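K.L.:
Let me begin by handing over the structure; questions about it come next.
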Amino acid sequence: MSLSPRMKYPLLPLLALALGLAPLSSEAKTADGKQKLVLVAGKPSHGPREHEYNAGMLLLAKCLAQGAPDLKVDVVTNGWPEDESVFNDADAVVFFMDGGPKHDAAKPEHLAKIAEWVKRGVGIGAIHYGVEVVADQAGEQFRHWIGGHYENMYSCNPMWEPNFTHFPIHPITRGVKPFTIKDEWYFNMRFMDGFTADGATEREGTRFVPILVAAPTDQTRNGPYSAPKGPYPHIQAASGRPEAVMWCVERPDGGRGFGFTGAHYHDNWANESFRKVVLNALVWISKGEVPANGVESTITKEDLDANLDPKPAKKPAAPAPAATPATQAVK
């Protein structure tokens, strides 16, 4: 019988504690033996019921309490916490927040902290805008940590309604049924070289699995995109190509990662399969056991309406100016 490093060297954990080091094991269970997940929600953004980071993360935590009660979940609201002790012993940390140059996790001091977590096998996940980083700021890190990222002017962000009909055999897809739903599904992600929507593959010790795959229509590829409006010739040139809008990785450090590009619209969490595929991913990335039928949860209208950020109502579009005789003559 082979002994684990902990059994061979029983004083190592005590030595680590004495030196103030992080736990040696990548299985960073809490004191009561549960896996720990930290959900980090960003500051208010966009209009009502869009980019509802705080309400979305709190809703997902409530759903996990129903269908994955053995997972300890901590929710951080309104951006990176002042008290970083919440990350102690975390098995996974997931970000749902504004990305690009405003990405809270992409600040140099935060990237350095995440890099230390990753060395210990901590899982990293990103939802919607949280998958976008500035390429020369955090692109290499995100490709290593979660397999890929959104890159401005390379990726695109149209509103479209993909039809998800086939799923790979994977814990994240357990209990997920075919569904179609309109959202700002990003695609043409900047993946690690060799990763595509065509299927599972492994490169440099990282195993990549595309989870949600669909082929955008030419109309979708032709735009407009949310910002910049496009269209981009390289997106149009890929006509007919399937795109991965959710994916996961298993890293050589023992950790896991995933990216999910949907969730612009808060009310899409009401769709059972949309919600379940993310809940499954949250359990999986934390190295918990995803139930055979996936993480079951039930939500109400009241649940969807809870914890929404106070945002001003969208202004109605201004009416077109009345035509004058001069403009009436123009055709």
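K.L.:
Examine the range 93-103 for a residue that is open to solvent by 50 Å² or more (accessible area, probe 1.4 Å), under 17 Å from Asn54 (Cβ atoms) and either at pLDDT 95 or above or not hydroxyl-bearing (Ser, Thr, Tyr) (or both), and state whether such a residue exists.
P.N.:
Going through the range 93-103, the residues open to solvent by 50 Å² or more (accessible area, probe 1.4 Å) turn out to be 101-102.
Pick out the ones that are also under 17 Å from Asn54 (Cβ atoms) and you get 102.
Subsequent filtering for residues that are either at pLDDT 95 or above or not hydroxyl-bearing (Ser, Thr, Tyr) (or both) retains 102.
The answer is yes; a qualifying residue exists.
K.L.:
Sticking with this one: Out of the residues in the range 33-72 that are open to solvent by 40 Å² or more (accessible area, probe 1.4 Å), touching a strand residue (DSSP E or B) at 6+ places or on another chain (Cβ under 8 Å) and not in a helix (DSSP H, G or I), state the one that is modelled with the lowest pLDDT.
P.N.:
Lys34
K.L.:
Of all residues in the range 166-212 being of a type outside the set (A, V, I, L, M, F, W, C) and free of Cβ contacts under 8 Å to residues at least 24 places away in the same chain, which is nearest to Trp247 (Cα to Cα)?
P.N.:
Among residues in the range 166-212 that are of a type outside the set (A, V, I, L, M, F, W, C) and free of Cβ contacts under 8 Å to residues at least 24 places away in the same chain, the one nearest to Trp247 (Cα to Cα) is Thr201.
K.L.:
Suppose we filter the range 270-306 for residues that are more than 20 Å from the chain's Cα centre (by Cα) and of a type outside the set (Val, Ile, Thr); how many remain?
P.N.:
Quick first cut of the range 270-306, residues more than 20 Å from the chain's Cα centre (by Cα) only: 291-293, 298-303, 305-306.
In the following step, the residues that additionally are of a type outside the set (Val, Ile, Thr) were identified as 291-293, 301-303, 305-306.
The number of residues fulfilling the criteria is 8.
K.L.:
Taking only the range 287-311 into account, find how many residues are more than 24 Å from Val38 (Cβ to Cβ) and in contact with a His (Cβ under 9 Å, 6 or more places away or on another chain).
P.N.:
Qualifying residue count, the range 287-311: 1.
K.L.:
Sticking with this one: Please count how many residues of the range 275-306 are farther than 20 Å from Leu71 by Cβ and either open to solvent by less than 20 Å² (accessible area, probe 1.4 Å) or part of a loop (DSSP other than H, G, I, E, B) (or both).
P.N.:
3
K.L.:
Out of all the residues in the range 170-182, is one or more in a loop (DSSP other than H, G, I, E, B), in contact with a helix residue (DSSP H, G or I) (Cβ under 7 Å, 6 or more places away or on another chain), of a type in the set (A, V, I, L, M) and surrounded by 14 or more Cβ atoms within 10 Å (Cβ to Cβ)?
P.N.:
The first filter runs over the range 170-182 and keeps only residues in a loop (DSSP other than H, G, I, E, B), leaving 170, 174-178, 181-182.
From what is left, the residues that are in contact with a helix residue (DSSP H, G or I) (Cβ under 7 Å, 6 or more places away or on another chain) are 174-177, 181.
Right, trim to of a type in the set (A, V, I, L, M) and you get 176, 181.
Right, trim to surrounded by 14 or more Cβ atoms within 10 Å (Cβ to Cβ) and you get 176, 181.
Checked against the condition, which is being in a loop (DSSP other than H, G, I, E, B), in contact with a helix residue (DSSP H, G or I) (Cβ under 7 Å, 6 or more places away or on another chain), of a type in the set (A, V, I, L, M) and surrounded by 14 or more Cβ atoms within 10 Å (Cβ to Cβ), the range 170-182 yields at least one hit.
K.L.:
Please specify each residue of the range 133-158 satisfying the condition of being under 16 Å from the mean Cα position of the chain (by Cα) and touching a residue at least 40 places away in the same chain (Cβ under 8 Å).
P.N.:
The answer is Gly139, Arg143, His144, Trp145, Ile146, Gly147, Gly148, His149, Tyr150, Asn157.
K.L.:
On the basis of being part of a loop (DSSP other than H, G, I, E, B), modelled with pLDDT under 95, open to solvent by 70 Å² or more (accessible area, probe 1.4 Å) and not aromatic (Phe, Trp, Tyr), does Lys29 make the cut? So that I can check it myself, show each step before the final result.
P.N.:
Working: part of a loop (DSSP other than H, G, I, E, B): yes; modelled with pLDDT under 95: yes; open to solvent by 70 Å² or more (accessible area, probe 1.4 Å): yes; not aromatic (Phe, Trp, Tyr): yes.
Yes; evaluated as a whole, the condition is true for this residue.
K.L.:
If we keep just the residues of the range 307-327 that are of a type in the set (A, V, I, L, M) and at pLDDT below 95, which is surrounded by the most Cβ atoms within 10 Å (Cβ to Cβ)? Walk me through how you get there before you give the answer.
P.N.:
Residues of the range 307-327 that are of a type in the set (A, V, I, L, M), as a first pass: 308, 313, 317-318, 320, 322-323, 326.
Adding the requirement that they be at pLDDT below 95 leaves 313, 317-318, 320, 322-323, 326.
On the way: Ala313: 7, Ala317: 6, Ala318: 6, Ala320: 6, Ala322: 6, Ala323: 10, Ala326: 7.
By that ranking, first place goes to Ala323.
K.L.:
Also, quick follow-up: Scan the range 128-145 and give yes if some residue there is charged (D, E, K, R), assigned to a loop (DSSP other than H, G, I, E, B) and crowded, with 17+ Cβ neighbours inside 10 Å, otherwise no.
P.N.:
Filtering the range 128-145 for residues charged (D, E, K, R) gives 132, 136, 140, 143.
Add one more test, that the residue is assigned to a loop (DSSP other than H, G, I, E, B), and what stays is none.
No, that holds for no residue.
K.L.:
Okay, next question. Considering only the range 75-93, state which residues are free of Cβ contacts under 8 Å to residues at least 24 places away in the same chain and either of a type in the set (Lys, Arg) or part of a loop (DSSP other than H, G, I, E, B) (or both).
P.N.:
Our first condition is that a residue be free of Cβ contacts under 8 Å to residues at least 24 places away in the same chain; within the range 75-93, this holds for 82-83, 85, 88.
Glu82, Asp83, Asn88 - these are the residues of the range 75-93 that are free of Cβ contacts under 8 Å to residues at least 24 places away in the same chain and either of a type in the set (Lys, Arg) or part of a loop (DSSP other than H, G, I, E, B) (or both).
K.L.:
If a residue must be open to solvent by less than 60 Å² (accessible area, probe 1.4 Å) and more than 20 Å from Ala281 (Cα to Cα), how many such residues does the range 193-210 contain?
P.N.:
2
K.L.:
Do we find that Arg190 is open to solvent by 30 Å² or more (accessible area, probe 1.4 Å), under 19 Å from the mean Cα position of the chain (by Cα) and under 24 Å from Gly294 (Cα atoms) in this structure?
P.N.:
Details: open to solvent by 30 Å² or more (accessible area, probe 1.4 Å): yes; under 19 Å from the mean Cα position of the chain (by Cα): yes; under 24 Å from Gly294 (Cα atoms): no.
Spelling it out, it is not the case that Arg190 is open to solvent by 30 Å² or more (accessible area, probe 1.4 Å), under 19 Å from the mean Cα position of the chain (by Cα) and under 24 Å from Gly294 (Cα atoms).
K.L.:
Only one of Val245, Val213 is under 16 Å from the mean Cα position of the chain (by Cα), open to solvent by less than 10 Å² (accessible area, probe 1.4 Å), within 29 Å of Leu39 (Cα to Cα) and not hydroxyl-bearing (Ser, Thr, Tyr); which?
P.N.:
Numbers: Val213 fails: open to solvent by less than 10 Å² (accessible area, probe 1.4 Å).
Residue meeting the stated conditions: Val245.
K.L.:
While we're looking at this one, here's another question. Could you say which residue among Ser226, Ser155 is of a type in the set (Ser, Thr, Tyr), closer than 20 Å to Tyr265 by Cα and open to solvent by less than 10 Å² (accessible area, probe 1.4 Å)?
P.N.:
Details: Ser226 fails: open to solvent by less than 10 Å² (accessible area, probe 1.4 Å).
When all the criteria are applied, what remains is Ser155.
The values are calculated or read from the model by the stated rules, or taken from the named source; none is laboratory data. Fair warning: this is a prediction, and the values are worked out from it, not measured in the lab. All Cβ positions, glycine included, derive from the backbone under ideal geometry; neighbour counts span all protein chains shown. Please note that ligands, DNA and RNA were not included when accessible areas were found on the heavy atoms of the full protein model with its side chains. Shrake-Rupley method; radii C 1.70, N 1.55, O 1.52, S 1.80 Å.
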